[in-house]
Amino acid sequence: MAPGREGYAAMHGLVNKAIQSFVCDTYGDDAWASIVGDAPDVPHRFEAMLSYDDPITDRVIDLVSRHLDKSRDTLLEDVGIYLVSHPDVPGPRRLLRFAGATFEEFLHSLEYLPDRVRLALPELELPPIRVRDAGRRRFTLETGELFEGYAHVLVGLVRAMSDEYGALTTFEYSGRSDDASLVKVAVHAKRFRAGRDFRLGMAVT
């Protein structure tokens, strides 16, 4: 089922807040202030669960891309990496690490990610993700576009999770086919390096 307008609006609040946090945590509060300071049409601070019109998200992405001299695709991939790897944002990493003991198990679990997110945040409906296993440890991820470039956030998430598991992988964004954006993933080595430490529960002392 396609997301309702409420799901899109709430998601845009999270996206805008994530971009703001990415800029502040990576480049500093002054960088964010500079980006939005001359943009009266953009709020200076975003709230994750408030509703924002679609053009605001596009405007924010364009402003940050210009300020950081990054393409839209590169910026959104960096945001995806940030959501998994930054120590001040532990929630997404924990949610994704629960998905499997290996990187390939994690990839297969992406089909259930929208449902798992909905359990935590019932008001959100992410586009469905379909995982096609082409054999020989090659996969194609198909996802709907919540906004222009959304698939590149997924690329960043998956790239960061590859490092989490210590896998050696390559990624290729392959454009759109019908109503889906395609991301190709090749796993060259399951255990290329030691993955990041992860424990399901808190340590008992």
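Every read-out reported here was derived from the displayed coordinates using simple, explicitly stated rules and does not represent laboratory data. Remember, predicted model here, so these are calculated numbers, not experimental data. Glycine also receives a Cβ, built like all others from the backbone with ideal geometry; neighbour counts cover every protein chain displayed.
In the chain, excluding the sites themselves, the longest stretch lacking any of the GluC sites (Glu not before Pro) that are in a DSSP loop with at most 16 other Cβ atoms within 10 Å is 48-122.
For the stretch 60-135, state which trypsin sites (Lys or Arg not before Pro) are in a DSSP loop and have at most 16 other beta carbons lying within 10 Å of their beta carbon.
Listed in order of number, the matching sites are Lys70.
In the elastic network of the chain, a GNM with C-alpha springs shorter than 10 Å, the most mobile of Val79, Val36, Val185 is Val36. Here the sum of -39500 (n - 2.57) over DSSP H runs of 4 or more residues, divided by the residues of the chain, equals -15500 deg cm²/dmol at 222 nm, to the nearest 500. Between Val131 and Arg116, the modelled label-to-label distance comes to 0.9 nm, taking each label 7 Å out from Cα in the direction of the beta carbon. For the stretch 15-20, putting each phi into the Karplus relation 6.51 cos²θ - 1.76 cosθ + 1.60 with θ = phi - 60° gives couplings of 4, 4, 5, 5, 5, 4 Hz, in residue order, rounded to whole numbers and with x for Gly and Pro.
Among the listed options (i) 17.1, 54; (ii) 15.8, 49; (iii) 20.7, 73, the one matching Rg and Dmax of the Cα atoms in Å as calculated from these coordinates is (i). Ordering Asp163, Asp58, Asp41, Asp133 by the number of other Cβ atoms within 10 Å of each residue's own Cβ, fewest first, gives Asp41, Asp133, Asp58, Asp163.
Excluding same-chain neighbours fewer than eight residues apart, the lysines reachable from Lys17 by a Cα-Cα span under 29 Å are Lys70, Lys184. For the pair the stretch 148-173 / the stretch 21-83, the C-alpha centres are spaced 20 Å from each other. Phi angles of the stretch 81-91 translate, via the Karplus equation with coefficients 6.51, -1.76, 1.60 and θ = phi - 60°, into HN-Hα couplings of 5, 4, 5, 9, 9, 7, x, 7, 10, x, x Hz per residue; Gly and Pro are given as x.
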